[in-house]
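Notes follow once the structure below has been shown.
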Amino acid sequence: MVNPLFANMALTIFDEMSSLARAHDAINLGQGFPDEPGPLAVLEKAAYAVVHLNNQYPPSRGLPELRQAVAGFYQRQGLSLDWQTQVTITSGATEAVASALLALLEPGDEVVMFQPLYDAYAPLVKLAGGVIKLVNLKPPGWGFDREMLEAAFSDKTRVVIVNTPNNPTGVIFGEAELSLIAEFCVRHGAVALCDEVWEGTVFAPGAVHRPLLAYPGMAERCVKIGSAGKLFALTGWKVGWLIAGPELSAILARAHQYITFTTPPNLQHAVAYGLANCEDWFSAMPKTLARSRDRLKASLEKEGFVVLDCQGTYFLNVDLAASGIAMNDREFCLRAVKEAGIAAIPLSSVYEADAVTSMIRLCFAKKDETLDEGARRLAKARDLFRNR
């Protein structure tokens, strides 16, 4: 027998759309990976390390040099971390989420999540025996307020998952919103699981990333997750980390050791180098992304699409209904990839309930010519469907 959670689970929408994109020779603006190859110096360090350094098991919690580099990197966000007791290296951020949920939850514990949401959250919560409580963010602003949190939190709340900058909406939770989350965590004795993998992709004017770990009362009830894949545009490397107070961090590390145990040492060496030496990259990357965002947004608006604002991440959302398309998002995306050669993500696929069905998500971390042709093909799809 098999676990029905997985037996009844379809492929993720990202696998589905990327497979269709390959089958139909389509432009893939669905899955969130960049065309940018990443900083050459970091790639060269990984190549050197795999040939010249040790390729056997590194420590489960990560190479000391990488854990030190992570702690040093976050000093720039005003966080003072002890690398020995607060930092654990994981095989990507999704493994970090899994380790944290398995370490924190007991069957029946409630987990507050904001939707639309990253697709791995709900299955991992269910696998850990948690009960999902949803906060529905509404377009176009995707905000929340005290009343919405009051309805979601209870004395059974064990964890709240906070993803900012947020995938798929592109919004960044501000001072008032994060303070509100911190208040509810302290009141209910909950832990904030902060998926902050997009922290390096903040580019809206005046927008800044604020780590919830730094808020009053959160030092011992916050788990911060980061990702080298997003910081360096190297999504296939799957190098992430968990940061928490010493007591909580020790428990997270125990869960991690029984999932992947460790992470390729050559990649750890390279990421450690990059965190310490790539200031120019961290400065230039968000500017490059902002330019790409603006190019795709302008191209889509020129074609008559209504595009929502984006403060961070790799993603823009298009409102189909407001753009004059009377078709639900999933049907539009399936037909667009097959008939017009453009892959996008229907936002309804990343809801647990009460889905918005008129939004599609596009990745703009692509070359100019890819963005331009993607906008043209999306307009072609709209026109094809209107004429039938």
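Computed quantities for the displayed model
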quantity: Those residues of region 230-248 which are buried (at least 21 other Cβ atoms within 10 Å of the Cβ) and on the phi < 0 side of the Ramachandran plot, in sequence order; calculated: 230, 231, 232, 234, 237, 239, 240, 241, 242, 243, 244, 248
quantity: Lone qualifier among 102, 66 - being crowded, with 20+ Cβ neighbours inside 10 Å and either within 16 Å of residue 276 (Cα to Cα) or in the same structural domain as residue 211 (by TED's automatic domain parsing) (or both); calculated: 66
quantity: Out of 276, 336, 270, 284, sole residue that is over 19 Å from residue 355 (Cα atoms), without any contact (Cβ under 8 Å) to a residue 40 or more places away in the chain and not in a loop (DSSP other than H, G, I, E, B); calculated: 284
quantity: Within region 306-319, tally of residues that are surrounded by 24 or more Cβ atoms within 10 Å (Cβ to Cβ), part of a loop (DSSP other than H, G, I, E, B) and among the hydrophobic types (A, V, I, L, M, F, W, C); calculated: 1
quantity: Residue identified as on the phi < 0 side of the Ramachandran plot and at pLDDT below 95 among 187, 210; calculated: 210
quantity: Residue identified as surrounded by fewer than 18 Cβ atoms within 10 Å (Cβ to Cβ), aliphatic (A, V, I, L, M), out of contact with any Phe, Trp or Tyr (no Cβ under 9 Å at 6 or more places or on another chain) and outside the structural domain of residue 219 (by TED's automatic domain parsing) among 53, 20, 11; calculated: 11
quantity: Residues (in contact with a helix residue (DSSP H, G or I) (Cβ under 8 Å, 6 or more places away or on another chain) and farther than 15 Å from residue 315 by Cα) located in region 354-367; calculated: 355, 356, 357, 358
quantity: Residues located in region 348-379, provided they are part of a helix (DSSP H, G or I) and under 21 Å from residue 294 (Cα atoms); calculated: 368, 369, 370, 371, 372, 373, 374, 375, 376, 377, 378, 379
quantity: Of the criteria (1) within 23 Å of residue 365 (Cβ to Cβ); (2) exposed (fewer than 14 other Cβ atoms within 10 Å of the Cβ); (3) in contact with a helix residue (DSSP H, G or I) (Cβ under 9 Å, 6 or more places away or on another chain); (4) hydrophobic (A, V, I, L, M, F, W, C), which one residue 40 fails; calculated: (3)
quantity: Any hit, region 138-147, residues being of a type in the set (Lys, Arg), part of a strand (DSSP E or B) and surrounded by fewer than 21 Cβ atoms within 10 Å (Cβ to Cβ); calculated: no
quantity: Condition broken by residue 36, with the remaining ones in (1) within 28 Å of residue 123 (Cα to Cα); (2) of a type in the set (D, E, K, R); (3) in a loop (DSSP other than H, G, I, E, B) satisfied; calculated: (1)
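The values are calculated or read from the model by the stated rules, or taken from the named source; none is laboratory data. What you are looking at is a predicted structure, and each value in this text was computed from that prediction instead of being measured. Here the Cβ is made from the backbone with ideal geometry for all residues, glycine too, and neighbour counts use every protein chain on show.
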